[in-house]
1. Looking at region 144-167, which of its residues are of a type in the set (S, T, N, Q), at negative phi and not in a helix (DSSP H, G or I)?
2. Taking THR637 and the conditions (1) open to solvent by 50 Å² or more (accessible area, probe 1.4 Å); (2) at pLDDT below 85, which numbered condition does it fall short on, given that it satisfies the others?
3. Evaluate the following for ASP611: is it closer than 30 Å to PRO193 by Cα, of a type in the set (D, E, K, R) and at pLDDT 90 or above?
4. ALA134 is checked against (1) under 30 Å from ASN619 (Cα atoms); (2) part of a loop (DSSP other than H, G, I, E, B) and fails just one. What number does that condition carry?
5. Take the residues of region 555-570 that are among the small types (Gly, Ala, Ser) and closer than 21 Å to ASN595 by Cα: which is surrounded by the fewest Cβ atoms within 10 Å (Cβ to Cβ)?
6. Give GLY27, GLY55, GLY62 a once-over and let me know the one that is part of a helix (DSSP H, G or I) and surrounded by fewer than 22 Cβ atoms within 10 Å (Cβ to Cβ).
7. Quick check on region 178-213: of everything there that is exposed (fewer than 13 other Cβ atoms within 10 Å of the Cβ) and under 27 Å from the mean Cα position of the chain (by Cα), which residue is modelled with the highest pLDDT?
8. Check region 309-322 and report whether any residue there is touching a residue at least 40 places away in the same chain (Cβ under 8 Å), at positive phi and assigned to a helix (DSSP H, G or I).
Amino acid sequence: MSLAKKKERDEGMDYKKTAQEILNHVGGSKNIISAAHCATRLRLVIADNKKADKGALENVDGVKGVFEASGQLQIILGTGTVNKVFDQFIEIAGVTASTKAEAKEAAVQKQNWFMRAIKLLGDIFVPIIPAIVASGFLMGIMNSLDFMNTNNFIHIDTTSSLYVFANLFSNTAYTFLQILIAFSAAKAFGANPYLGAVIGMITINPALQNAYTVATEGVKATQSVFFGLYQIDMVGYQGHIIPIIIAVWLMSVIEKKLHKVVPEVLDLFVTPLVSVFVTGYLTLAAIGPVFVWAENAILNCIQWLLTLPLGLGSLVMGGLYAPTVVTGIHQMYAAIDLGQLAQYGVTYWLPLASAANVAQGAAALAVAVKSKDKKIKALALPSSLSAFMGITEPAIFGVNLRFFKPFIAGCIGGGCGALYASLVHLGAKGTGVTGIFGILLCLNQPLQYVIEMAIAVGVAFAVSFALYKDKKKEPVAEAPVTVAASVEKTDSEESAASETKTASGNTKTTSSEEVLNAPVNGKIIPNDQIADDTFAAEVLGKTVAIEPADGIITAPCDGEIVSIFDTGHAVCILTDGGAELLIHVGIDTVKMDGNGFTKKVSDGAKVHAGDVLIEADLNAIKEAGHPATTMMIITNTDLYDSVECAAPGTVTGKSSVMKLTK
């Protein structure tokens, strides 16, 4: 299929009408603050969200989904469609196209101070979660081994290097957590992250008494500050979070001011020195003591709520956890986990989150089991599996909220599971992982964790199964469709696709096949592990996701470049066999505005299998805080009788990962 034929086929869609209907359903031109688009989505920042009718938007021709994220209303249209609709949209609305950076800034500014603070906490803690997870898992395993060894279930040589080193590694991230937080916070505040790390080091400097020893040894030394105005305890900030974040914020303000006023010739010496010294002094003398008190007060309030008689507080919080995911408030929960770990040695919040997450998965699973609609089943089943692994966005946004009753069922199940967790005082030794694998953080109470999961899943599934009903569809007369047979050529002979007659007398291709190779070396992962609910749920079409081993993106077959995006993070290909491909490098990498991406082809170019399309800097992607997962999507999946995808495993550019059959 040539580009001309594709264009002819696409003319069946009225882009201007779609754009006009979208504009009508978002409140008109006066409600638009900014408009931009990425490879698949129209990204709008609107003044009044109440004027946006999401239900009506989802029924607009060409729209595949609608959701809100990071202050933006994102309307999924798919590749090759979104740019055409966008062009019509800005013309009709009379607005100027925004850059990705402008759209992102407008979205952030539109949010209230509370949501901006929540987003900031997410920006700080999300990058350090892998380090926390690694230590948490290892700590849980070591605690379990110690328990079994002490009680003679097993015998372990505790003097072996394997045991000694593992024990050493298990608490490293928590021992130096303040440095990790300070480094990440400095990046989030736009300051020098290495100066931020120095502030973190100051707060746990060995010259200060370790905070964990105060309870048993008392305060050993004090120091007068501000010329004898008052005394402070010379105690470190092990286990504290809020004082570190506030200190680094202050450092960022000082550093930015100094960069503006200090002459360039002195900037390298004066700015770091003054920033660190002033921030360090104020942190130990004032910021630390004040915000340690505030942090302890917050943690005590949360613990009081979770330990209300009969587990009522946990019941409420378990039920409300999923709604906080919808609003984005859940990004602050890592701070609660870490604070509780420091104060109590375990976090009682993580088991609550696990119950809420698997409950939403169970509610979506009930929809998959009960629904007779194949599309709903195909969406609900993988979404539920994703939630069982702790990633709930596909289940919540793709299934449960859409039908609402399953969402309520999930909340009820989450509350019941959390209630049980409270009654048995279930706590986790680490944070960062919920769902099925969360048991590795609760190996001190594995049976209680399993029972909690069973309660949450059982209640949510039962309630969702009882409440959910497929919507009745009006019978629609089907127009006859003719599918053109494609021909595959081998070395010296042609194999014509066989055709069969349908009831209406039309012909249908039954044996035309096309095989696609992997677009990058790496490892195929299950779709429920994709950190984006739209891609994970295959809203845009059948998808293969690869964690890349390098940044060389190649053509999976012969074809023609329909569009390579200015940002270089995505490319659309029309294959010689008629498949429409989207290769999308990374998650949300459109926000990088092309940094880290080098385009090797241009629109309209003919390419052959193995030709380099994009060179991506994987380190730059990760440093920007984005997963590097690369997706290959068949955006015209509906034209194929079957699309077979390779199972998870290691692949190269010569590995076949998709088989398309018409």
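1. ASN151, THR158, THR159, SER160
2. Of everything listed in (1) open to solvent by 50 Å² or more (accessible area, probe 1.4 Å); (2) at pLDDT below 85, THR637 misses just condition (1).
3. Spelling it out, it is not the case that ASP611 is closer than 30 Å to PRO193 by Cα, of a type in the set (D, E, K, R) and at pLDDT 90 or above.
4. With (1) under 30 Å from ASN619 (Cα atoms); (2) part of a loop (DSSP other than H, G, I, E, B) applied to ALA134, the lone miss is (2).
5. Checked region 555-570; the qualifying residue surrounded by the fewest Cβ atoms within 10 Å (Cβ to Cβ) is SER563.
6. So the residue among GLY27, GLY55, GLY62 that is part of a helix (DSSP H, G or I) and surrounded by fewer than 22 Cβ atoms within 10 Å (Cβ to Cβ) is GLY55.
7. Result: TYR194.
8. There is at least one residue in region 309-322 that is touching a residue at least 40 places away in the same chain (Cβ under 8 Å), at positive phi and assigned to a helix (DSSP H, G or I).
The values are calculated or read from the model by the stated rules, or taken from the named source; none is laboratory data. Just so it is clear, the model here is predicted, and its values are computed rather than measured. Positions of Cβ are backbone-derived with ideal geometry, glycine not excepted, and every protein chain shown enters the neighbour counts. Side chains are part of the model used for accessible areas, which takes the heavy atoms of the whole protein and leaves out ligands, DNA and RNA. Shrake-Rupley method; radii C 1.70, N 1.55, O 1.52, S 1.80 Å.
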